[in-house]
1. Only Lys, Arg, Asp and Glu count, each charged at its Cβ (+1, +1, -1, -1), so figure out the dipole size of the chain about its Cα centre, rounded to 20 debye.
2. When the Cα atoms of the chain are enclosed in a convex hull and the volume is divided per residue, what value in Å³ results?
3. Helix 13-22 sits at what angle to the longest principal axis of the chain, using alpha carbons and giving 0 to 90 degrees rounded to 10?
4. Given springs between every Cα pair under 10 Å in a Gaussian network model of the chain, which of ALA72, ALA306, ALA212 has the largest fluctuation?
5. Could you point to the residue in VAL111, LEU52, VAL348 farthest towards the positive end of the chain's charge dipole, with +1 and -1 charges on the Cβ of Lys/Arg and Asp/Glu respectively?
6. Quick one: how many Å² of ARG39 are accessible to a 1.4 Å probe, rounded to 10?
7. Does the range 218-343 come out rounded, prolate or oblate, given a ≥ b ≥ c as the square roots of the eigenvalues of its C-alpha gyration tensor, rounded meaning a/c under 1.5 and, failing that, prolate meaning a/b above b/c?
8. Between 0 and 90 degrees, rounded to the nearest ten: what's the tilt of helix 203-234 against the longest Cα principal axis of the chain?
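The values are calculated or read from the model by the stated rules, or taken from the named source; none is laboratory data. Given the structure is predicted, the values throughout are model-derived calculations rather than measurements. Every residue, glycine as well, gets a Cβ built from its backbone with ideal geometry; the counts of neighbours run over all protein chains shown. For the accessible areas, the whole protein counts, side chains as well, though only heavy atoms, and no ligand, DNA or RNA atoms are used. Shrake-Rupley method; radii C 1.70, N 1.55, O 1.52, S 1.80 Å.
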Amino acid sequence: MSDVCVVGLGHVGLPTAALLAEAGHRVVGCDTAPEVVARVNAGRAGLHEPGLDALLARAGERLRAQAVPAAAEFHLITVPTPLGEVRRADLSHVWAAADAVAPVLRAGDCVILESTVPVGTTERLAARLAGRRPDLVFPAHGGPSLPGCVHVAHCPERVMPGRALHELVHNDRVIGGLGAGCAARAAEVYRGFVRGAPVLADCRMAELVKLAENAFRDVNIAFANELAAVCGRFGLDVWQAIGLANRHPRVNVLSPGAGVGGHCVAVDPWFLVEGAPEEARLVRAAREVNDATPHRVVAQLRQAAARFAAPRVACLGLAYKPDVGDLRESPAVVIAEALLREGMAVSVCDPFVARLPDAVVGAVLRDPAAAIAEADVVAILVAHTAFRGLDRALFGGKAVVDAVGLLRG
Ligand code: SAJ
């Protein structure tokens, strides 16, 4: 069993570190946030990830957390890559992780970048490491594996928040190597816990494939959202339209909603646009359609509220998607914020949210039945399973904007 160092103990890094520890590796997890280090060492995940606390308990002493990387055969970098200025990837966390790992690297070690990145980043990562460690040998992109070289690879995570443990084990992994032999070396660390297939490729290919996966989803959701806008223009019901279209054996239109949120699908397609602005026209258009969707929902709500002197709006759902408490890039937050700015009284109901974010200061968190009872307008923004059981009589006499088709069953 190897020593493994996981840099970044977030939604992907922590479950990965715990699975590696359970597979028998000695794992050091690193995080720059002292509270994360303390929490993990106390055996608490602090994430909405079913089974993770139990897994941490089983990992016991094989997983310990600290602020800085330790020497290890494998270094996994699982840090965030948010959208920075002018819709380009902010890679500052990747570079900080590289600079932290560089001093402990040894000949023959393997560095694996799991964060989602623009095409070409793994090569830049290797160049940065090589710049800090001129005493070590790094392969050139596509070049031969030299004796004692540091292996560098990109193995993008592909897990759905809330299903991380299942998907980390069962999803196939695309493992892209920098030079010959890097992908095969990187694959060794996943063997202990991944039951999906390891598919070896070049690092640029692995980077592109991850971006393509999320852009594919974004484009398809944009089509559904655009269809909702088109149906609105004709006064037609988009849910009925999709239900009928999907009876065609080769058509599968996704669900329109309040917009696209989360830290992946709403972000990663821009990394493709960044690298290929002339070519990625459909990808850019999809991003624009999905980003415009919350504003279209606000316009519908404004219209629904127009007949009330001091409209009270109940927003059902604040999370970026059903049955999670994650608020990152959530379109529901954008909508609630806009309603507050327009002077409406806003109550928010979300069984996964214990405290409202600063963005919606002025709104109140309430249980759905009470919020709906007192509202003039109900905005259904997230199809949480818990909302499906709400008594339909509650909505009687209310102006309802159902962005997610919850009342359609
Ligand atoms: N959404 C719709 N309509 C739909 C489906 C989704 O409006 O029919 C919305 C959701 O409400 C949400 C957004 O799209 O706001 C994104 O949700 P999602 O479930 O499509 O994706 P994420 O961001 O939770 O996770 C994605 C996954 N990628 C794909 O499905 C291609 C996951 O596998 C990736 O690992 C993850 O991004 C990531 O980390 O990149």
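1. Computed charge dipole of the chain: roughly 540 debye.
2. 153 Å³
3. Taking the Cα atoms of the chain, the angle to 13-22 is about 50 degrees.
4. Comparing ALA72, ALA306, ALA212 in the GNM, the peak value goes to ALA306.
5. Result: VAL348, furthest along the dipole toward the positive end.
6. The accessible area comes out at roughly 50 Å².
7. Taking the square roots of the gyration eigenvalues as a ≥ b ≥ c, the range 218-343 is oblate.
8. The helix 203-234 is inclined about 0 degrees to the chain.
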